[in-house]
1. Looking at (1) among the hydrophobic types (A, V, I, L, M, F, W, C); (2) assigned to a loop (DSSP other than H, G, I, E, B); (3) within 30 Å of Ala137 (Cβ to Cβ), which is the one condition that is false for Leu223?
2. Please state which of the following conditions Lys96 fails to meet, knowing it meets all the rest: (1) surrounded by fewer than 19 Cβ atoms within 10 Å (Cβ to Cβ); (2) assigned to a strand (DSSP E or B).
3. Would you check which residues across region 323-346 are out of contact with any strand residue (DSSP E or B) (no Cβ under 9 Å at 6 or more places or on another chain) and aliphatic (A, V, I, L, M) and list them?
4. Taking Glu229 and the conditions (1) under 27 Å from Leu173 (Cβ atoms); (2) of a type in the set (Asp, Glu); (3) surrounded by 15 or more Cβ atoms within 10 Å (Cβ to Cβ), which numbered condition does it fall short on, given that it satisfies the others?
5. Take region 277-300 and flag every residue that is farther than 30 Å from Glu201 by Cα and not hydroxyl-bearing (Ser, Thr, Tyr).
6. In region 416-433, which residues are more than 14 Å from Arg358 (Cα to Cα), surrounded by fewer than 21 Cβ atoms within 10 Å (Cβ to Cβ) and either within 19 Å of the chain's Cα centre (by Cα) or not polar (S, T, N, Q) (or both)?
Amino acid sequence: MDTRDKPGQGVFEVADSSFDLIVVGGGPGGYVAAIRAAQLGMKTALVERDQLGGICLNWGCIPTKALLRASEIHHLLRHLDQFGFSAKDITYDPKKVIARSRAVAKQLSNGVAHLMRKNKITVFDGQAKLAGKGKIAVAKDGKGVADLGAPHIVLATGARARSLPGLEPDGTLVWTYKEAMVPEPIPKSLLVIGSGAIGMEFASFYRDMGAEVTVVEVLDRVLPVEDEEISAFARKAFEKQGIKIHTGATVKGLKRGRDNVAAQIEAGGKTSDITVERVILAVGIVGNVEDIGLEGTKAKVDRTHVVVDEWLRTGEPGLYAIGDLVGPPWLAHKAMHEGVICVEHIAGVNDVHPLDSRNIPGCTYCRPQIASVGLTEKAARDAGYEVKIGHFPFIGNGKAIALGEPEGMVKTVFDGKTGELLGAHMIGAEVTELIQGYTIAKTLETTESELMRTIFPHPTISETMHESVLDAYGRALHF
């Protein structure tokens, strides 16, 4: 084997084109599936047309967190007086902020290339297309690179930003997430269309960097997949920061000027006009199902997403699909888990289990952070559960107050008959780190009795999790 690597890709040129398994797409789901296959002794190939790590690592999860860290620091610098400090003439260099974000992404992309070499996974740089049963044709810039074969092919081609008629992004005045991560310069005013995780993270980042931010959401509340109480709490927090929010509203049209955009917002039968420097379109994603050869297979596509069963099998024997390509929730950790399940099932691992979507945590890294797992209160009631609900506010937690982060809440949802933890919902500082405690509890099918008897360290914000459980059963100690 010739181990001449292409920079940043870890591509091996090989004469042998036969593999046990081929993964199409090197994002979180794809590269994890390839690694697990290699661990299980499969001769594995991965085809990636752009950058290893995919959208998440290069243009999503990772670089956005680096940006949000910068905006968090900027926010803290402007509120030093509450900690007894003072500073004058606080400024930031937007080019350095962006450069650090890109450097973090590059470092991790190179790390994925290292993992491919370490696990002896053959990586092909190019566009993959199904070319018959068990066959993949790889091309780069219109030229053939390789013809590959394997009895098992896993599609992990991911997704891209959704566009809307009349609101199409142009990369200059109207942005997708990609342009929003590399602004030159930071705009003074911004309209964000869509208040899901992506929309609110960018709204939070730009507001903390000093921009005037307006958010428009077509549904009746921001962060609509979250529990209603959490959504309401979040809206108050965002508006307190100065973010203007319009719910039950639509943007009827955009008029693009030389260096600004005029938008007409309609809500409740009334219209209002706003002019901003830039617009971010954050209204969901569509699966990358085009130009991969699906039309020549028995695989079905439903609203741009490939249909799969509990083992990630498509309707075409030997063809599988994982991650954003197969639908919500559109989360990197869900894609990774699906990759492992898919490969382990192919390999005949005895104790592999289908994915239980109720145990997938969701995190939004705005300020304040939001995290959840399982059913909302409304979903639990609609499903017929007799529920017990617990709450605990951060203002009742010593560590949160000491950190200067008293704004937050934990909410737990239990089955009143069995004590099963049905859902947990959190808003406040570092809750994206804390939610895993509830995720483990759900995976282990822990009851309220076991959670109440668990010892939580003091002083920590995690104590709010314990208190919320206690509150569901009338036993809260500190509120």
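1. (3) is the only condition that Leu223 fails.
2. It fails just one condition, (2).
3. Of everything in region 323-346, those that are out of contact with any strand residue (DSSP E or B) (no Cβ under 9 Å at 6 or more places or on another chain) and aliphatic (A, V, I, L, M) turn out to be Ala332, Ala335, Met336, Val340, Ile341.
4. Of the numbered conditions (1) under 27 Å from Leu173 (Cβ atoms); (2) of a type in the set (Asp, Glu); (3) surrounded by 15 or more Cβ atoms within 10 Å (Cβ to Cβ), the odd one out for Glu229 is (1).
5. Just the residues of region 277-300 that are farther than 30 Å from Glu201 by Cα, to begin with: 291-300.
Matches in region 277-300: Asp291, Ile292, Gly293, Leu294, Glu295, Gly296, Lys298, Ala299, Lys300.
6. Narrowing region 416-433 to residues more than 14 Å from Arg358 (Cα to Cα): 416-419, 426-433.
This time we only want the ones that are surrounded by fewer than 21 Cβ atoms within 10 Å (Cβ to Cβ), so: 416-419, 430, 432-433.
Correct list: Gly416, Lys417, Gly419, Glu430, Thr432, Glu433.
Condition check ((1) among the acidic types (Asp, Glu); (2) closer than 29 Å to Gly149 by Cα) across all residues:
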| residue | (1), (2) |
| --- | --- |
| Val225 | no, no |
| Ile265 | no, no |
| Asp273 | yes, no |
| Asp291 | yes, yes |
| Leu294 | no, yes |
| Ala299 | no, yes |
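Condition check ((1) in contact with a helix residue (DSSP H, G or I) (Cβ under 8 Å, 6 or more places away or on another chain); (2) surrounded by fewer than 20 Cβ atoms within 10 Å (Cβ to Cβ); (3) among the charged types (D, E, K, R)) across all residues:
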site: Leu68; (1), (2), (3): yes, no, no
site: Ile90; (1), (2), (3): yes, yes, no
site: Arg100; (1), (2), (3): yes, yes, yes
site: Ala105; (1), (2), (3): yes, no, no
site: Arg117; (1), (2), (3): no, yes, yes
site: Leu130; (1), (2), (3): yes, no, no
site: Ile136; (1), (2), (3): no, no, no
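The values are calculated or read from the model by the stated rules, or taken from the named source; none is laboratory data. Everything numeric in this text was worked out from a predicted model, so none of it was measured. No Cβ is skipped: glycine too gets one built from the backbone with ideal geometry, and neighbour counts run over all protein chains shown.
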